[in-house]
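The values are calculated or read from the model by the stated rules, or taken from the named source; none is laboratory data. What you see is a predicted model; the values in this text were computed from it and never measured. Cβ: placed from backbone, ideal geometry, glycine included. Neighbour counts: every protein chain shown. Calculation scope for accessible area: heavy atoms of the full protein, side chains included, ligands and nucleic acids excluded. Shrake-Rupley method; radii C 1.70, N 1.55, O 1.52, S 1.80 Å.
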Amino acid sequence: MTGKESVQDLALFGAAPLFTEKLHVGRPNLGNRDDLMARINGILDRRWFTNDGECAQELEKKLTEFLGVKHCILMCNATIALEITARALGMKGEVIVPSFTFVATPHSLQWQEITPVFCDIDPWTHNIDPARVEEMITSRTTGIIGVHIWGRPCAIEALAAISARHGLKLMFDAAHAFGCSHNGRMIGGFGCAEVFSFHATKFFNTFEGGAVATDDDELATKIRLMKNFGFKGYDSVGYLGTNGKMNELSAAMGLVGLESIDQFVETNRRNHSRYREDLSGLPGVTLVDYPAGEKYNYQYIVCEIDEKEAGVSRDLLVEMLHAENVIARRYFYPGCHKMEPYRTRFPQAGFTLPQTERLSKRVFTLPTGTAVAMDDIDKICQLVRVALALGPELVKGAAARL
Ligand SMILES: *Cc1c(COP(=O)(O)O)cnc(C)c1O
């Protein structure tokens, strides 16, 4: 950065956007294409497309080893995996969750008439604040779902202590945290169970998919039955179940992706460092960091903006970036408690969620992953710098081109 960037240099007010193609947050990571095609041919040859096929079995085995857990049960997506796991754990009544999460976390509970009780977050970690959790416990509370936001583990030990004290079930929504560790142990091994998402936009994807990791044999058996309609054998249903199975094409995608996982991490880590360098010293914009000493997937380039200091609001900045074809995203705006059906059910929830409300107005994410080049990152950061230097009036003009 020269510090002398001008509007002309960046064509900020130009007729065409700075990027000719849209740069999206969450563009999928893709492993070796030839390997994938070979595996798909194998699936077609075998004529075995789902129901615990060869690829699914191989992927479960590899993931179990990768995560260092006893059981890894593949699912069609993380939302169904969350629903099944909460049900298998016997959660009912009320379950405590953060509101600063993707809406699938509370939906997985509400879908089965379990009430999600929203708890505030720690403004530094963005994760559920254990100091607030105990205040939300009532006689109807049966469990807690911690979410490892951005792949940074939530306060696992504190939540485990609270759960033990109150006889609650503890599970984790680890949708962001595949490939991350806590105290040297891979995420997947904590609480009663942890749920991963392998959706296309996540760090590791199977087109759509997910998994439940657990060390509990009995729970694993129950979840396996539940994800397959409750079938114990041919013609024998011993359980209320649903369809949570992963198909063979998805499993093949996972197997191929897993081969390239180190390369995905390396690219993301390199991108994150570049963003850190490019955004350093910028008043009012803070890049969320991944502390040293643990494994991370660096999948999220998360910025927090202080509007007063930056001189430009988060929403205006995001609008301007969109005008330049940088599809930055607000996260998790406006917060689950402000979405239906929770908004109508709990109109007062905001009073107990001040940190959630504050943060959901400050956070945006920028594109990363194997589809983003270093040069793109430099340009994106230059855009942010120029926008902050120009101030709201001129930025509004740029955004108006949308
Ligand atoms: C993506 C996501 C989910 C849902 O995952 P799907 O596989 O799309 O169902 C759940 N929770 C969080 C925190 C997520 O980011």
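Find how much the distance from Asp35 to Tyr239 grows on full extension, using 0.36 nm per residue of separation minus their present alpha carbon separation; answer in nm with one decimal.
69.6 nm
Please pull out the direction-averaged projected area of region 33-259, using the convex hull of its alpha-carbon atoms, in nm² to one decimal place.
Result: 12.4 nm².
What do you get for chymotrypsin sites (Phe, Trp or Tyr not before Pro) in region 38-83 restricted to DSSP loop and a cutoff of at most 12 other Cβ within 10 Å of the site's Cβ?
Phe49
Over the chain, average the accessible area per residue using a 1.4 Å probe and give it in Å², no decimals.
For the chain, the solvent-accessible area averages 44 Å² per residue.
Please work out the FRET efficiency for the pair Asp289 and Arg330, using the Cβ-Cβ distance as r and a Förster radius of 22 Å; give the result to the nearest 0.05.
Efficiency, from the Cβ-Cβ distance: 0.65.
Mind checking which of Asp375, Asp262, Asp35 has the largest fluctuation in a GNM of the chain, springs on alpha carbons under 10 Å?
Between Asp375, Asp262, Asp35, it is Asp375 that shows the largest mean-square fluctuation.
What does DSSP give for the chain in terms of the percent of beta bridges that are antiparallel, rounded to the nearest 5?
Working: 24 of 42 bridges.
For the chain, the DSSP antiparallel bridge percentage is about 55.
Below 8 Å, C-alpha to C-alpha, sequence gap of six or more: please give me the relative contact order for the chain in percent.
22 percent
Name the residues whose placed amide hydrogens come within less than 5 Å of the amide hydrogen of Cys119, ignoring near sequence neighbours (fewer than 5 apart) on the same chain.
Distant-sequence amide H within range of Cys119: Val97, Ser99.
May I ask for the longest run of the chain untouched by trypsin sites (Lys or Arg not before Pro) that are loop-located per DSSP and have at most 10 neighbouring C-beta atoms (other than their own) within 10 Å? Please report the intermediate quantities before stating the final value.
On the way: sites that count: Lys4, Arg47.
With trypsin sites (Lys or Arg not before Pro) excluded where exposed in loops, the chain gives 48-402 as its longest stretch.
Please report, in whole Å, how far the alpha carbons of region 243-390 spread along each principal axis, starting with the longest.
Taking max minus min along each principal axis of the Cα atoms, region 243-390 gives 46, 44, 35 Å.
Give me the percent of accessible area attributable to carbon and sulfur for region 33-259, probe 1.4 angstrom. Mind dumping the intermediate values first?
Numbers: 4990 of 9340 Å².
Whole-percent figure for carbon plus sulfur exposure: 53.
Normalise the Cα radius of gyration of region 105-179 by 2.2 N^0.38 Å (N = residues in it) and let me know the number.
That ratio works out to 1.06.
So for the chain, Kirkwood radius off the Cα pairs, Stokes-Einstein at 20 °C and 1.002 mPa s: how many µm² s⁻¹? Write out the running numbers ahead of the final one.
Working: Rh = 22.3 Å.
The estimated diffusion coefficient comes to 96 µm²/s.
Please list, in chain and number order, the residues 5+ apart from His182 or on another chain whose amide H is under 5 Å from its amide H, with Hs placed from the backbone.
Ile187
If I model a spin label at Arg345 and Lys361 as a point 7 Å from the Cα along the Cα→Cβ vector, what separation in nanometres do I get?
2.6 nm
For region 33-259, with the dipole built from +1 on Lys and Arg beta-carbon atoms and -1 on Asp and Glu ones, taken about the Cα centre, which of Gly230, Gly189, Ser108 lies farthest toward the positive end?
Final value for the positive-end residue is Gly230.
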